Structure formats: structure tokens, C-alpha cells
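I have placed the structure first, in the form of C-alpha cells, so that the comments after it can refer back to it.
What follows is calculated from the coordinates using simple rules that are stated; it is not laboratory data. These numbers were taken from a predicted model, which means no experiment stands behind them. Every residue, glycine as well, gets a Cβ built from its backbone with ideal geometry; the counts of neighbours run over all protein chains shown.
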Ligand SMILES: *Cc1c(COP(=O)(O)O)cnc(C)c1O
């Protein structure tokens, strides 16, 4: 096996520069809560491949299911010759997503593709063009989803022009909107939508119930239900992008449930299939089935190996009660983070839900019209110090000043404690 240094050299000569990596070590293997690099160093994993390996890396059931499926057949294309695994994943999605109404699903390969297809369905079902998204949103890197994503650098810079008929409304961001209540923040957003887009033009209002790349922004209570109610009233489709929040991550199967919201459509991906690429759109049968046969699909969408992995991952989530595990992770991590916040005034806020937690770093004492001054420089330095000490953490946020913690839901208390300790030392340094 080559060393990380050797691999880095080969990479520079073969891999496009535009594809970045958080660390420069190369992975040899990974398990429940750790990664081991090719030089034998162990890392505590607070990233889970960006909230993907909720069941852990190489989870035993997933490995067995993939092995069995790969020996039977690897691909037929569901649009050519269908198979049971695809149907079974759609049954699971109908059972697990919020709402007991009649549902249908379609499967895809990536989160961005799921978001694109949710928009296709909403436009087709309503006959309307406009899509409303929110400040700090992240929905992907394809042309339509770049238009829907808020942050320019690095996601959009130089890649335009972007798809039309995408409009942005103000988000509820308690730390940065002067403590506006959820309902008041919804009134503010709805006014923008009604005046600048026009209710009757809106095909879909699409939102992450807790924002991911945008900074783990948890909207004030009442915001999501008010936006969903407005959408229903306006005849628009309310779409929850649960790609990062889904599959037990926030302590429930889906984050919409914490506020009793039943989205018309739900986009899923990341945590669904234990690391294999699989995504879905699930929602009201009358919306999904408004699309003509052949209108939705893709060569690889719902690949049988990815579906077998998803069924095994979902079984693992049930068997190990990973929703409860996410709540337990919060009960360990949050007090630790609160304690660090009490010691370090640079931590402006501890927020998140379940095993989706973050700290926002600010310049102590400095405040402007949008709240405390973000400190991306310290954030990057703390992240780097964590990486050097063997803790894999990710940054996020429109200002790049949020450190987020997304451990696999099967992580041990011992690894959680080790991760917290490394973070504490990194902050102190
Ligand atoms: C990651 C992510 C996406 C895009 O998913 P890809 O699989 O990277 O295309 C979309 N929405 C949210 C909320 C995400 O976290």
C-alpha cells in the first residue's frame, strides 16, 4: 500500500483540482466510529462521510446484503427489467416518511438528483414554474440545484448562468435575526414570496428542516409549520430536503417530525444506504403519479446493490434503534459542547438536534446588523488542529464559521469522549 504522501503526489497528477478533500491522509479502512489511514493513523470520525454512514462504515448487515446481491445480479436497469429490491425500498420510504397518506416513490443516485426530481414533480403537478428556497440553503451542485444553493464560493462561483425561476426567501436563523419568533420569521418570508414571486406562481417551497452545509441552522419553533401551512393554502407543493437530516440523524426518522410537519414530498439520500449511492423522492400519490410513465427515471436510479444496502441499513436502524442512539449522542455531546462554550467566548452558539450538532464561532464582543461577527479564520484553525490531533470534523456555514459534528450513530461513548477532548484541546490552542 502506498503512503498518503505518495498517493497525494499521484492524485495531483491525475485528479482534478476542483475536487477537494478535507484531510490529506488516505483511508485504508473504516468502522463504527473511526477511520484508519494508509500510514496506520486512527481518526475519530465526527463526519460519517457527511452524514452518510449513519449505521457505521461496512455495517455487518449492509456488507452481507451487498455481497449476496452482487452475486445474483449487479444491474438490469429498473426501467428495463424491474426487481423486488427497488419496490421494497419504496415501501420502506412510504412507511418511514412523515404522514400516513397514500405515497409513491422514485429512486435516484444522488441528493441533487432527488431535489431536481422533486422540482420536476412539483412543476408537473401544479403547472407552475416558480421554486422558492431559503437563505443559506444547500441543495446540490447540478445546474438547477446550484441555482437553489445559496453560497457562491465554492459551489456556484464561475459556473453560471443558473436555472431560472428559483427565488430565495429569508430563513429563520435565531442567532442572526434578533430572536425573531418562528411565526414572525415565517410572516417575513411569506411576504417576500407573495410580493416578489406571487403565490399563484409557486410550484414548490423547498426547505431543509435543519440546514446542513448552510450552518446547521435550526429554524425557530413554528417556522416550518407556518411555511408548510402557507404552501398548502397557496396550492404549492411543500418539499422537505431531508437529505442530510434523514434516517435517524436528528433523533427521529426525519427532522420534519420534530415539529409535526408532513411534507408533500420528501427528498432523501445520504444516510439511506449505508454508504452506497441511493436517493429518493417520496410523497403524496396524487402528486407523484401526476407524471406520465417514462417521465421519471435514470439508468442507475435504484441500483439493486444500493437498494439491498438500503434495506439492510434500514433494518439496522430499526434493530439497533439508531433514532434513540442519535438522542443519546446528543445527551453526551451537547453538555460537553455547552461546557466548552462556557469556557470559550468564541463559541457564539451550540445548536442542532440529535447527532447533528454544531458550534458557531464568532469574534467575542463584536456584533453587527446580522448578529455576532463570524470568525471563519479561527474556525479553520480549530478544524485543522482537530485533524492534526486525530479528530475528523467538518466546517460549514455561509461564513464558514461553523464546526459541525456528525458521528456515525453507532459510535461508542469512548470515541465520543475522545473526540470532545481533542476538540477541547484544539479550542484551547
Ligand atoms: C448533500 C446534500 C444534497 C446533495 O446531495 P448529493 O448526493 O451530494 O448530490 C442536497 N441537499 C442537502 C440538504 C444535502 O445535505
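Could we say that residue 81 is part of a helix (DSSP H, G or I) and either loosely packed, with under 13 Cβ neighbours inside 10 Å or within 16 Å of the ligand (Cβ to nearest atom) (or both) here?
No, not satisfied.
Which of the residues spanning the stretch 228-245 are within 16 Å of the ligand (Cβ to nearest atom) and either on the phi > 0 side of the Ramachandran plot or over 17 Å from the mean Cα position of the chain (by Cα) (or both)?
238, the sole residue that qualifies.
Inside the stretch 84-113, can you point out the residues that are surrounded by fewer than 18 Cβ atoms within 10 Å (Cβ to Cβ), under 26 Å from residue 258 (Cβ atoms) and either within 16 Å of the ligand (Cβ to nearest atom) or free of Cβ contacts under 8 Å to residues at least 12 places away in the same chain (or both)?
The answer is 91, 95, 100.
Do we find that residue 276 is buried (at least 24 other Cβ atoms within 10 Å of the Cβ), more than 10 Å from the ligand (Cβ to nearest atom) and in contact (Cβ under 8 Å) with a residue 60 or more places away in the chain in this structure?
So residue 276 does not fit the description; no.
Scan the stretch 254-273 for residues that are surrounded by fewer than 24 Cβ atoms within 10 Å (Cβ to Cβ), part of a loop (DSSP other than H, G, I, E, B) and in contact with a helix residue (DSSP H, G or I) (Cβ under 6 Å, 6 or more places away or on another chain) and jot them down.
261, the sole residue that qualifies.
Only one of 142, 149 is within 15 Å of the ligand (Cβ to nearest atom), within 16 Å of residue 243 (Cβ to Cβ) and surrounded by fewer than 19 Cβ atoms within 10 Å (Cβ to Cβ). Can you tell me which?
That would be 142, the only listed residue that is within 15 Å of the ligand (Cβ to nearest atom), within 16 Å of residue 243 (Cβ to Cβ) and surrounded by fewer than 19 Cβ atoms within 10 Å (Cβ to Cβ).
Look at residue 165 and say whether it is touching a residue at least 12 places away in the same chain (Cβ under 8 Å) and within 12 Å of the ligand (Cβ to nearest atom).
Criteria not met by residue 165.
Please specify each residue of the stretch 256-273 satisfying the condition of being within 11 Å of the ligand (Cβ to nearest atom) and more than 17 Å from residue 95 (Cα to Cα).
270
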